[in-house]
Amino acid sequence: MQEENIPKTENFPPAISQSKIWLSAPHMGGREQSFVQEAFDSNWVAPIGPNVTGFEEDIINYANCGHAVALSSGTAAIHLALVMLDVRPGDFVICQSFTFSASANPIGYLGAIPVFVDSEPETWNLCPQALEDAVKACINGKWGERKLPKAIVYVDLYGMPARVETISEVAGRFGIPLIEDAAEALGSRFKGNKCGTFGKIGIYSFNGNKIITTSGGGALVSKSEKYVEKARVLAMQAREDAPHYEHKELGYNYRMSNICAGIGRGQMEVLDLRVQQRRAIYEKYKAALGRYPGIQFLEEPEGAFSNRWLSAVVVKPELSDGKCREDIRLALAKDNIESRPLWKPLHLQPVFEAMPYMGGTLASDLFRDGLCLPSGSNLGTDDLDRIITIVKDVLEETKL
Ligand SMILES: *Cc1c(COP(=O)(O)O)cnc(C)c1O
């Protein structure tokens, strides 16, 4: 992409002195600091301790995911998942293109080749047909050596569960393990089961902008104890069981701090409330803006329950008198309100430009027309009204 095509971030503070509305700000529940205080009182100021263990138990109980290890980030969790699935230099790993770069960066850390795959319109997540085409293309030598991909990374983007049944069917047919990137989907479910539990390995993120946060952190989960216990060892420099420091393989320093885990324990107490609040924000936007033909919302397909981490809309200029996504984004920015285009597909990112891609233009169309509206659970009614008024003004003003 050319330099001049990259939209610049607006300069703040803006001319109008309205208070800032963030896209997705941290929202404490109230008990976080007492868990952190406990860590200080007991001197567990380390990447191990009762909060880490307690937080892992909370995740296991909440998600019914079998086993969990708390890590320093969601990216670290994806990295360890790929290491455990034996991803090596030159291997193919299939990855949803329409996602945040962290889904694919660890593929690059390992010297493997990400094969990016387009999304489908019902969930905006991995398209099962394009997935199958990509697997076959790998096997048929379209991108070099003929070989089966080592893993598939798929995402529940913005909290919307992917079409896991069809994706699992394709992956199972070829015998390729699935990594579910549920970084944005803690609290989402499909047919009653929580997102994060559908692959061989699942990952969560507790970064500051996610539905709950530990200020920064992640988790790796699996029904299979061996992956989680292996990840636990790898995350602590792969130290063997010996009185001295003995190492047989390369390790990583990826454990979560007992301080951060204390924040996590407090946040887990309000997770279901946060899901309700985010879903209510989505409903409010839909009620106010759904009648404009140029604004499209992503409905939940049958069986899906989204945490609505971010409320995302698609703006169709041909149905809204030429008004486009950027008109809305810039109008909001002028009033000190942060909104953001949907993820730029990874196959269009300069860093991944040379990597294989399978699919059509759904992901790039979503990037062109899509906008994430402010969705933080701590937004007040006044904030939402302020946002909605501006969006309506843009849509209703006649183009001269
Ligand atoms: C946030 C996020 C990650 C990475 O999580 P970090 O904790 O920030 O490393 C991975 N994948 C997706 C889809 C994300 O949104």
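The values are calculated or read from the model by the stated rules, or taken from the named source; none is laboratory data. A quick note: this is a predicted structure, and the numbers were derived from the prediction, not measured. When we count neighbours, we look across all protein chains shown, and the Cβ atoms used for this are built from the backbone with ideal geometry, even at glycine. With ligands, DNA and RNA removed, areas are computed over all heavy atoms of the protein, side chains included. Shrake-Rupley method; radii C 1.70, N 1.55, O 1.52, S 1.80 Å.
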> Out of SER364, SER306, SER311, which single residue is touching a helix residue (DSSP H, G or I) at 6+ places or on another chain (Cβ under 7 Å), more than 16 Å from the ligand (Cβ to nearest atom) and modelled with pLDDT of 95 or more?
Replying inline: SER364
> Can you pull out the residues in segment 213-227 that are more than 19 Å from SER103 (Cα to Cα) and open to solvent by less than 20 Å² (accessible area, probe 1.4 Å)?
Replying inline: THR214
> For segment 240-268, which residues satisfy the criterion of being open to solvent by 50 Å² or more (accessible area, probe 1.4 Å) and out of contact with any strand residue (DSSP E or B) (no Cβ under 8 Å at 6 or more places or on another chain)?
Replying inline: ASP241, PRO243, HIS244, LYS248, GLU249, LEU250, ARG265
>> Criterion first (modelled with pLDDT of 95 or more and of a type in the set (A, V, I, L, M)) does LEU400 satisfy it?
In response: no
>> Just to verify a result, which residue in segment 325-346, among those that are open to solvent by 30 Å² or more (accessible area, probe 1.4 Å) and under 25 Å from the mean Cα position of the chain (by Cα), is farthest from LYS20 (Cα to Cα)?
In response: LYS344
>> within 14 Å of ALA185 (Cα to Cα), aliphatic (A, V, I, L, M) and modelled with pLDDT of 95 or more: is that true of LEU289 in this structure?
In response: no
>> Six or more apart or on different chains, Cβ atoms under 9 Å: show the pairs whose first residue is in segment 316-343 and at positive phi and whose second is open to solvent by less than 40 Å² (accessible area, probe 1.4 Å) and away from the ligand (no atom under 16 Å from the Cβ).
In response: ASP321/GLY294; ASP321/LEU395; ASN336/PRO14; ASN336/ILE21
>> Among the numbered criteria (1) open to solvent by 50 Å² or more (accessible area, probe 1.4 Å); (2) within 16 Å of the ligand (Cβ to nearest atom); (3) among the aromatic types (Phe, Trp, Tyr), which one does TYR154 miss?
In response: (1)
> Just a yes or no: is a residue in segment 141-148 open to solvent by less than 50 Å² (accessible area, probe 1.4 Å), in contact with a Phe, Trp or Tyr (Cβ under 6 Å, 6 or more places away or on another chain) and at pLDDT 95 or above?
Replying inline: no
> Which is at pLDDT 95 or above and within 16 Å of the ligand (Cβ to nearest atom), of VAL221, VAL228, VAL270, VAL233?
Replying inline: VAL221
> Name the residues in segment 190-206 that are surrounded by fewer than 21 Cβ atoms within 10 Å (Cβ to Cβ) and touching a residue at least 40 places away in the same chain (Cβ under 8 Å), would you?
Replying inline: LYS191, ASN193, THR197, LYS200
> Restricting attention to segment 23-42, does a residue exist that is within 30 Å of LEU371 (Cβ to Cβ), of a type outside the set (Gly, Ala, Ser) and within 16 Å of the ligand (Cβ to nearest atom)?
Replying inline: yes
